[in-house]
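Please treat every number below as a calculation from the coordinates, not as lab data. Here the structure is a predicted model, which means the values were calculated and not measured. No Cβ is skipped: glycine too gets one built from the backbone with ideal geometry, and neighbour counts run over all protein chains shown.
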Amino acid sequence: MDYKTHFIKWLKESDKKKEQTISKYVRNIEKISKELGEFQQKQINIYHISNSSEIEKIKKDYLSIGKFKEKDLKNHREYSSALSKYKVFLEKSEILLSSNAEFQVDILDTKEINEDDNEYKLGRIIREVEAPSTAGVSKNLTTGKETLRTPKRNDYVKQQKKNSKIGFIGEQLILIKEMEMLRKAGMHVLADKVDHVSITKGDGMGFDIKSFTIEGEEKYIEVKTTTGGINTPFYIEESEVTFSRDNASKYYLVRVFNYDKDTGNAELFIKKGDVEKNFLLQPKTYIAK
């Protein structure tokens with residue numbers, strides 16, 4: 001069964017996508033089928049797949065290949081986004097096998113999953129600067145004085161979602177930068193091995209990206225991104241601090257700052273080694289018993 005027609009119908013009627021966006025999704029899925037099939041030397045037609053877990057496997061297989069991962073990044077993740085959208089279509093559709101062995105697809109309401117895909121742009125790193133001596137610490141954290149705060153109502157869910165998007169963009173910027181650095185040095189094999197571990201293995205590893213020096217040594221990179229300037233404080237998990245201490249010789253904290261969502265550009269500085277020795281840390285969360 002070919003689900004291409006059903007997918008297009010779902011994008012139009014339930015996901016409310018424009019024709020240009022629909023054409024891009026459809027075209028990119030066809031490209032992935034062709035490219036991955038040629039690479040694996042077998043015939044692949046993603047539109048013949050009805051199991052969402054198989055789509056997730058195809059996505060991982062596709063992004064594990066260096067040239068396809070780099071292509072996806074440089075095209076603002078439009079290939080992986082197409083696969084994710086097709087996966088949602090399968091998850092949100094009830095696929096029933098009728099007595100005449102044909103599939104009937106009932107489209108469910110999926111308005112709640114519409115995404116503002118173009119809210120944050122992926123640009124480039126425009127400048128690398130020397131790290132400040134008290135990087136990431138605001139004034140009132142270093143004075144030791146109490147400050148009176150005016151109560152303020154925040155939409156924490158919305159803010160967390162925004163921070164997550166900005167953080168992901170920052171990781172993409174550094175992922176591209178690392179791969180380009182290795183390719184320029186002629187280290188194409190190592191460039192293909194650069195791993196966005198926070199995506200491929202999930203959070204909790206203590207770092208976001210595994211890369212390499214041009215000498216072939218492993219680098220564990222943690223990326224911290226803000227729209228604010230060079231001295232804007234940032235959050236770091238205890239697990240990340242511990243990992244940096246245990247792997248100080250290979251640990252790099254890349255501080256991406258002044259991220260502009262309109263241009264997608266940002267600046268950065270890098271500090272290698274134990275986070276506790278490189279930054280002033282202030283506890284912000286406590287466990288109550």
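What to note about this one:
- For ASP61 and LYS31, the difference between the fully extended length at 0.36 nm per residue and the C-alpha to C-alpha distance is 9.4 nm.
- Given their separation in residues at 0.36 nm each and the Cα-Cα distance between them, LYS92 and GLU19 gain 24.2 nm when the chain is fully extended.
- Extending 7 Å from Cα along the Cβ direction at ILE270 and again at GLU215 yields two label points whose distance is 1.3 nm.
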